[in-house]
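Everything on this sheet refers to the single structure shown next.
The values are calculated or read from the model by the stated rules, or taken from the named source; none is laboratory data. What you see is a predicted model, and the numbers here were worked out from it, not measured in a lab. Reconstructed Cβ throughout: ideal geometry from the backbone, glycine too, with neighbour counts over all protein chains shown. Ligands, DNA and RNA are stripped out before the accessible areas are found, and what is left, the full protein with its side chains, is counted by its heavy atoms. Shrake-Rupley method; radii C 1.70, N 1.55, O 1.52, S 1.80 Å.
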Amino acid sequence: MLTNKPIGIFDSGYGGLTVFKSIAAALPQYDYIYLGDTARAPYGNRTFKVIHEYTWECVQWLFKQGCGLVILACNTASAKALRTIQQQDLQPAYPTQRVLGVIRPTAEVIGNYTSSKEIGVLGTRGTVNSESYLLEIEKFFPDVKVYQQACALWVPIIEAGEYDKPGADYFVQLYLDQLLAQSPGIDTVLLACTHYPLLQDKIQSHLPAGINVVAQGDIVAASLTDYLQRHPEIETGITCNGTKAFFTTSDDTADFDHHASLFFSAPVQSSFTPLK
């Protein structure tokens, strides 16, 4: 990969592949390298310190593969690590590289989806507790009320391959009921975890008619397209061979490939990296 200068896509596991799928569809010409830190996933219940440590290690690995731009396609890492990486870590060692997340691009547009000015945010406990969406959405849409609900069991259900099974319905309804109990005026639900698009059909079916369900993939892809147009100094450093490489920190690449193909909606063949 050192002959290429790809865009790096990082996630703690598989969920970021739903964002990668949208990015690759919108910008197929570029080279990409995806890293899933599956050996240490999930990140959702870990501390800020640990998530920053793990995320920064993975970002540096992507830099060493030739990436000048890395996308944190993970809400938890974006919430708990991105700011420190941007403000403290990059300048001393990697002043020309850039790291972007998924929260700000989503916050910049999510208010356009609601008529009632009330939005529900579904995410991991880490993302919800960080209150990143509350803070970011308020910057762009101060008149919008935001209600949050942590959905602790959704990621395990999805990664166990049960997301499309009848057993998942109870837990989908459970968290949606808890969210809607906070306000009857919610008309837009944001899936603030990149795993959750695999549950999107079930989520929509358990919501009252007229409530929008918004996933992040296309939003992030559109934001990245705009970013590269505005930053030619970054865009010209990305090679354009249309290649995609996948890496996992788990030594079981066959298991990664099986799960990853579900999230990416295409066959995936990965390699193992010990992050050394």
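Just a few scattered comments:
- Test for Ala25: is it at pLDDT 95 or above, open to solvent by 10 Å² or more (accessible area, probe 1.4 Å) and of a type in the set (A, V, I, L, M, F, W, C): yes
- Selection over the stretch 234-249 of residues that are surrounded by 18 or more Cβ atoms within 10 Å (Cβ to Cβ) and closer than 18 Å to Gly13 by Cβ gives a count of 5.
- Some residue of the stretch 149-159 being under 14 Å from Tyr196 (Cβ atoms), out of contact with any strand residue (DSSP E or B) (no Cβ under 7 Å at 6 or more places or on another chain) and in a loop (DSSP other than H, G, I, E, B): yes
- Single match in Gln200, Gln216 (criterion: touching a residue at least 12 places away in the same chain (Cβ under 8 Å), surrounded by 18 or more Cβ atoms within 10 Å (Cβ to Cβ) and not aliphatic (A, V, I, L, M)): Gln216
- Any helices (runs of 4 or more DSSP H) falling wholly within the stretch 1-85 and containing at least 3 residues that are in contact (Cβ under 8 Å) with a residue 40 or more places away in the chain and more than 21 Å from Gln269 (Cα to Cα): 48-64, 75-80
Yes/no per residue for (1) at pLDDT 95 or above; (2) in contact with a Cys (Cβ under 7 Å, 6 or more places away or on another chain); (3) surrounded by 15 or more Cβ atoms within 10 Å (Cβ to Cβ); (4) among the basic types (Lys, Arg):
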| site | (1), (2), (3), (4) |
| --- | --- |
| Lys139 | yes, no, no, yes |
| Tyr147 | yes, no, yes, no |
| Gly167 | no, no, no, no |
| Val172 | yes, no, yes, no |
| Asp177 | yes, no, no, no |
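- Selected residue (only one of Tyr32, Tyr43, Tyr113 is among the aromatic types (Phe, Trp, Tyr) and farther than 24 Å from Ala150 by Cα): Tyr32
- Of all residues making up the stretch 48-68, the number that are more than 25 Å from Gln148 (Cβ to Cβ) and surrounded by fewer than 24 Cβ atoms within 10 Å (Cβ to Cβ): 10
- Residue check, Ala209 open to solvent by 10 Å² or more (accessible area, probe 1.4 Å) and out of contact with any Leu (no Cβ under 9 Å at 6 or more places or on another chain): yes
- Here the stretch 1-20 is the region considered, the condition is being farther than 22 Å from Ala41 by Cβ and of a type in the set (A, V, I, L, M, F, W, C), and the residue that is modelled with the highest pLDDT is Leu2.
- Considered as a group, the residues in the stretch 101-120 that are part of a loop (DSSP other than H, G, I, E, B) and not β-branched (Val, Ile, Thr) include one that is surrounded by the fewest Cβ atoms within 10 Å (Cβ to Cβ), and that residue is Ser115.
- For the stretch 179-197, filtering for residues that are in contact with a strand residue (DSSP E or B) (Cβ under 7 Å, 6 or more places away or on another chain), surrounded by fewer than 19 Cβ atoms within 10 Å (Cβ to Cβ) and small (Gly, Ala, Ser) leaves 2.
- Thr194 meets the stated requirement of being in contact with a Cys (Cβ under 7 Å, 6 or more places away or on another chain) and either at pLDDT 95 or above or not charged (D, E, K, R) (or both).
- Residue list for the stretch 83-100, filter: open to solvent by 10 Å² or more (accessible area, probe 1.4 Å) and under 16 Å from Leu35 (Cα atoms): Leu100
- Residues satisfying the stated conditions in the stretch 34-47, i.e. surrounded by fewer than 23 Cβ atoms within 10 Å (Cβ to Cβ) and aliphatic (A, V, I, L, M): Ala39, Ala41
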